[in-house]
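The values are calculated or read from the model by the stated rules, or taken from the named source; none is laboratory data. A quick note: this is a predicted structure, and the numbers were derived from the prediction, not measured. Please note: Cβ atoms are built from the backbone with ideal geometry, for glycine as well, and neighbour counts cover all protein chains shown. The protein model used for the area step is the full one, side chains on, heavy atoms only, and it has no ligands, DNA or RNA in it. Shrake-Rupley method; radii C 1.70, N 1.55, O 1.52, S 1.80 Å.
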Amino acid sequence: MSNATADRPKAAERIQAAAKDLFYRHGIRATGVEEVCRVAEATKMSLYRTYSSKDALVAAILCEDSAGYDAWFAEVTAPHPAPAAKLRALLAAVAAKLAMPDYRGCPLLLAQAEFPDPEHPTHRLVARHKAHMRTGLTELARQAGAADPALLGDTLALLFDGAWASLPYLGAARAGEVLRQGAEAVLANLLPPVPPVTTAG
């Protein structure tokens, strides 16, 4: 067996990677399993051996996206010891995402928009992730001393998701600018003022 063959990702990995890209760029409903298998160079039998249905494949991808958000959240906030600085680091990181080439917005929100029925498994999965995201923002707001942590957490979640959703009509530069200025105004209003630095002598 050649090294190239040995190093080639397994069919299930190729299928999930191909589906993730196709669903994000073209939409879930618009992408059939035949196209996923063609791009992944895999058979439908390989797909259904790992995923019981297209919905199961979508769920696996969205769970991967959710875990990726958690890892990104930790990476962005870790260098900043102060909770308020963590919130501002998240703000800057979201604004940076908006400027990335071919970025279409939050993949979970895009998926949820295709399945508006609140009882649909995809809709519920995204709702759970977004609730988790709000919890993380609210906890940082609490740690930062916000008088109403839930209000600050929900407002930031709304601004982040709104910035992603506005990309098609505002463009990356304007969406990022509005996000930065709007979120900074919210933080200045809802967080306690930073005490002035005093020097001895």
Please name whichever of 36, 92, 127 sits farthest to the positive end of the charge dipole of the chain, dipole taken about the Cα centre and charges placed at Cβ: Lys and Arg +1, Asp and Glu -1. 36
Where does helix 121-143 land angle-wise versus the long Cα axis of the chain, in degrees 0 to 90, nearest 10? 20 degrees
Any idea what angle helix 167-190 forms with the longest principal axis of the chain, computed on alpha-carbon atoms, 0 to 90 degrees, nearest 10? 40 degrees
Euclidean distance between Cα centres, region 101-117 to region 126-187, Å: 17 Å
Evaluate the relative contact order of the chain (contact order divided by residue number), counting alpha-carbon pairs under 8 angstrom at least 6 apart; express in whole percent. 19 percent
Tell me the per residue accessible area of region 39-157 using a 1.4 Å probe; a whole number in Å² is fine. 50 Å²
Cross-link table 20/97; 97/130; 44/97; 54/130, entries beyond 28 Å C-alpha to C-alpha: 44/97
Pick out which of 57, 170, 90 has the largest mean-square fluctuation in a Gaussian network model of the chain, springs linking Cα atoms closer than 10 Å. 170
How tilted is helix 149-165 with respect to the longest principal axis of the chain? Cα atoms for both, answer in degrees (0 to 90, nearest 10). 50 degrees
Would you work out the charge dipole size for region 30-85 about its Cα centre, treating the Cβ of every Lys and Arg as +1 and the Cβ of every Asp and Glu as -1, and quote it to the nearest 20 debye? 200 debye
Over the chain, with a Gaussian network built from C-alpha contacts below 10 Å, which listed residue (183, 11, 141) shows the highest mean-square fluctuation? 11
